[in-house]
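The values are calculated or read from the model by the stated rules, or taken from the named source; none is laboratory data. Since the structure is predicted, the reported quantities are computational estimates derived from the model, not experimental observations. Neighbour counts are summed over all protein chains in view; Cβ atoms, including those assigned to glycine, are modelled from backbone coordinates with ideal geometry.
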Amino acid sequence: VQEQKIRNFFEVGRGICHQVISEEGLILPGEVIMGSDSHTTHFGWLGAFGMGVGRTEMAALWATGELWMRVPETLRITLNGRLTPGVMAKDIALRLLGDLTLEGGAYRAIEFAGETVHNLSIDERPVLPNMMAEFGAMNAYMPPDATLFDWLDSRQQRDYNPIYPDPDAAYNQDYTLDVNHLEPQIALPHQPDNVVDLSAAQGKPIQQAFIGTCTGGRYEDLAAAAQVVKGRKVQVRLVIIPASSQVLLQAAQSGVLTTLIEAGAAINTPGCGPCMGNHMGIPAPDEATISSGSRNFNGRMGTPNAPTYLASPYVVAASALTGQITHPGEFLA
């Protein structure tokens, strides 16, 4: 780091790159970002063009500062309405995957539009562009707004120039989702687009619940889980891994961490954890996990033949209380 004069280096425990880079104001509206991680689409929530590339392409970028790419087709996804209590951005993302499939965004630019997008909180917004990586998207863009600009005011490290869609822009496809009556969703093993309404999967047994990752490990995700488990005890392992040290600190200061620990949750060092089979929550063979993460391919969490369900933090926490897939409504009344 010193030899190469790298200015932005973050030690073990600081958190997941997508979360930390956002918190540090290192990516801003109108910018183009390439990352050697498929979830680089995450940065679309900042009004930026984020694209995942391979290691060889990244090496060429380091050497030349340039990369060839084909201009993608654009799919506009318009979200209308307001989410009901107990439903989160994760449920929107899962419903989109279920409707449009893993191939629906292949090498496409995704553009989000509609009132729902602008009504989402800062913590909820990244979920949508992040999970468009499962969709095969080249990038996923949210038009920046006043809410984002206010959040960036204390973080930005340089000036920026927001970019917005042209009024007469042409789209390869338009898709609209009304979220007013959207129920909690769940992805069944072993595909993120194997999505059904939660009511169709209730009662399936689980042995582990996991809240974390760049998709579902921000402060509001932990707070949602705490709201469900407050004053109760979990019946299976509940592994909590904050997306960053800032998230961990905020949860500690607000009392969210205390609530989770009192309920029996295991709190781990900020990072990716078992999402890609690293550590801190890898299931045993045949153990079923319900996760707030983004992928549930067979073996993704480090163990073949250990099924993974994907759901919102509300659903994950409710399921941890019962040992089976459970609707959070009964704990939010």
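What is the residue count in segment 22-54 for residues that are assigned to a helix (DSSP H, G or I) and either at pLDDT below 95 or not aliphatic (A, V, I, L, M) (or both)?
Matching residues across segment 22-54 total 10.
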Within segment 58-79, is even one residue of a type outside the set (Val, Ile, Thr) and within 18 Å of the chain's Cα centre (by Cα)?
yes
What are the residues in segment 276-305 that are surrounded by 16 or more Cβ atoms within 10 Å (Cβ to Cβ) and either outside the structural domain of Gln235 (by TED's automatic domain parsing) or modelled with pLDDT of 90 or more (or both), if any?
Glu287, Ala288, Thr289, Ile290, Ser291, Ser292, Gly293
Being without any contact (Cβ under 8 Å) to a residue 40 or more places away in the chain, crowded, with 21+ Cβ neighbours inside 10 Å and of a type in the set (Val, Ile, Thr) is true for just one of Ile77, Ile27, Ile110. Which residue is that?
Ile27
Based on this model, can you work out whether Pro167 counts as assigned by TED's automatic domain parsing to the domain that holds Phe49 and either closer than 21 Å to Val32 by Cβ or among the β-branched types (Val, Ile, Thr) (or both)?
no
Got at least one residue in segment 64-76 being modelled with pLDDT under 95, under 25 Å from Asn278 (Cα atoms) and in contact with a strand residue (DSSP E or B) (Cβ under 6 Å, 6 or more places away or on another chain)?
no
